[in-house]
Structures are given as C-alpha cells and as structure tokens.
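The values are calculated or read from the model by the stated rules, or taken from the named source; none is laboratory data. Computed from a predicted structure; not experimentally measured. Heads up, the Cβs are rebuilt from the backbone with ideal geometry, glycines too, and the neighbour counts pull from every protein chain shown.
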Amino acid sequence: MKHIWAPWRIEYILSEKTKGCILCDKPGEDEDEANYILYRGKHNFVMLNSYPYNPGHLMVAPYRHVGSLESLTAAERNEHFAIISRGLGVLREVFAPAGFNIGANIGRVAGAGIEDHYHSHVVPRWGGDTNYTTVVADIRVVPQALADTYRLLKGRF
Ligand SMILES: [Zn+2]
C-alpha cells in the first residue's frame, strides 16, 4: 500500500467547519496576504483556494452572498467573467499551464464546499497532473506551497 503525504487534506478534514461564510468573512478582514486574496475588483475578488487541486487554483467570488450565478446582477456577472478571463492570462504568464478547468459547483449534491456563496474555480492543468490517486482517494499532491503561489501571482491582476 502506498502512502501519500497530503497535509492540506488532513487540515481540511480536521478543521472546524466555521459557522460563518469564508467568502464573506475573508474579504471583510484587512488581511489579504494571510487570506490569500490576490485581487479586489468592484464587485468580485480573487482568492487562492487553500485546498488546491493544483498550484494556482483560483476562486473568483462576488462580495455579495448569493448562492447561484443567476442571482448576480449584470455588472457583477460581467466583472466576474472578466476577472476569470484575466486570471487565465495571469496563470499563463506565471505557470505556463497546458490547459485549464473553469467551473462551479452549485448546491451540495454538485460538490459545493461553500454552498451558499457562489464562486467559480479556475484550475490550471498540466499533462500528467492526474493519476490514479485522484480517482480512488480524492488526493492530489501539490508541490508548491500556497505562500509561494501567492507571491508569484500577487499584483498581476
Ligand atoms: Zn458569503
């Protein structure tokens, strides 16, 4: 049997699930570096996913606590996708990925971890970044620390 060292997963599993909403709470704090907030737009912000599937895994979220995409105003939605688009450019410049996944999990049954506050995921992909562990164990090894990723991406939006 192989053992895989994946400390960010156990941290997630053991972490106390807070009552509040991190996508409301984090931008409300003046701690962007500690919270891995990379960019603040007028209606949306960009934050590194603390439990990334790959280095550079971004989350883009509106400041407003709404559960689904259709609840965004046109201005919020337009900026949301403009920021996602910019995020692709930033990740290309810094990490030169071979591809991306962009997506959202809406509702608990769809796999949403933060189910009441809509957010989009942007995940850079490289050839060979997937292997059997993803399929069987929901474990993936991320070789680069979050703080390093933050430093590389900060100021580029
Ligand atoms: Zn919220």
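Tabulated data
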| item | result |
| --- | --- |
| Of all residues making up segment 85-99, the number that are surrounded by 15 or more Cβ atoms within 10 Å (Cβ to Cβ), part of a helix (DSSP H, G or I) and either modelled with pLDDT under 95 or of a type outside the set (Gly, Ala, Ser) (or both) | 6 |
| Restricting segment 86-118 to residues that are of a type in the set (D, E, K, R) and touching a strand residue (DSSP E or B) at 6+ places or on another chain (Cβ under 9 Å), the residue that is farthest from the ligand (Cβ to nearest atom) | ARG92 |
| Any hit, segment 83-92, residues being touching a residue at least 40 places away in the same chain (Cβ under 8 Å) and more than 19 Å from GLY155 (Cβ to Cβ) | no |
| Test: residue in segment 118-128 that is in contact with a Pro (Cβ under 9 Å, 6 or more places away or on another chain), at pLDDT 95 or above, of a type outside the set (A, V, I, L, M, F, W, C) and not in a helix (DSSP H, G or I) | yes |
